[in-house]
Amino acid sequence: MIRTLKTWARQLMYRPPGVDLGPGALVRRPWTISHPQHVRIGRDSTVGRRVILNALRHDGGRPLAGQIDIGEDVYLGHDCQIHAMQTLRIGRGCVLSDRVYLNDASHGMDPGAGLIMRQPIHSKGPITIEEHSFIGLGAVVLPGVVIGHHSVVGAMSD
């Protein structure tokens, strides 16, 4: 009976509704997840507190195809932010330290097109982090970057 209650409590506490969450994966509260049906977290992965997972599905009236795909045995530290207007992939066995920021989208910067925040967002390409890579504290990864197998990105890098 107690085991059943613990399992049920774990499901409520660490398994956000709508996210494709593999067995043994957990997401620590509090979390912010937009469009959870477009977020996949693989088996035995752990997501830290106050993480933002933002699968962008529209920009004004323009549809987007944001998808976040986190592999198996991945660790995302506290306060990480992941924003995807395309497919953002994190491979198996990766570790992202606290406060890592991944974003494959950029605001328009055309001086003749008005205010920056009213210009459409665009991307120079998806972000891919290949298997067994480590990204250090506070690192920033921007559009079009591929981080290869077993890579190390130093703390506060961009």
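Evaluated against (1) open to solvent by less than 70 Å² (accessible area, probe 1.4 Å); (2) in contact with a strand residue (DSSP E or B) (Cβ under 8 Å, 6 or more places away or on another chain); (3) under 30 Å from Glu72 (Cβ atoms), Ala155 falls short on exactly one condition, (2). Is at least one residue of region 50-57 open to solvent by less than 50 Å² (accessible area, probe 1.4 Å), touching a residue at least 60 places away in the same chain (Cβ under 8 Å) and under 23 Å from Arg28 (Cα atoms)? Scanning region 50-57, I find at least one residue that is open to solvent by less than 50 Å² (accessible area, probe 1.4 Å), touching a residue at least 60 places away in the same chain (Cβ under 8 Å) and under 23 Å from Arg28 (Cα atoms), so the answer is yes. Per the listing Gly125, Gly114, Gly144, the residue uniquely at positive phi and in contact with a strand residue (DSSP E or B) (Cβ under 9 Å, 6 or more places away or on another chain) is Gly125. Can you name every residue in region 58-82 that is in contact with a strand residue (DSSP E or B) (Cβ under 7 Å, 6 or more places away or on another chain), open to solvent by 30 Å² or more (accessible area, probe 1.4 Å) and farther than 20 Å from Tyr14 by Cβ? Across region 58-82, the qualifying residues are Asp59, Gln67. Within region 88-117, being among the β-branched types (Val, Ile, Thr), modelled with pLDDT of 95 or more and not in a loop (DSSP other than H, G, I, E, B) holds for Ile90, Val95. Does Ile147 fit the bill of being modelled with pLDDT under 95, surrounded by 14 or more Cβ atoms within 10 Å (Cβ to Cβ), of a type in the set (Val, Ile, Thr) and more than 13 Å from the chain's Cα centre (by Cα)? When the stated conditions are applied, Ile147 does not pass them.
The values are calculated or read from the model by the stated rules, or taken from the named source; none is laboratory data. Keep in mind that this is a model prediction, so the values were computed, not measured. Counting neighbours? That spans all protein chains shown, and the Cβs are built from the backbone with ideal geometry, glycine included. Just the protein is used for accessible areas: all its heavy atoms, side chains included, with ligands, DNA and RNA removed. Shrake-Rupley method; radii C 1.70, N 1.55, O 1.52, S 1.80 Å.
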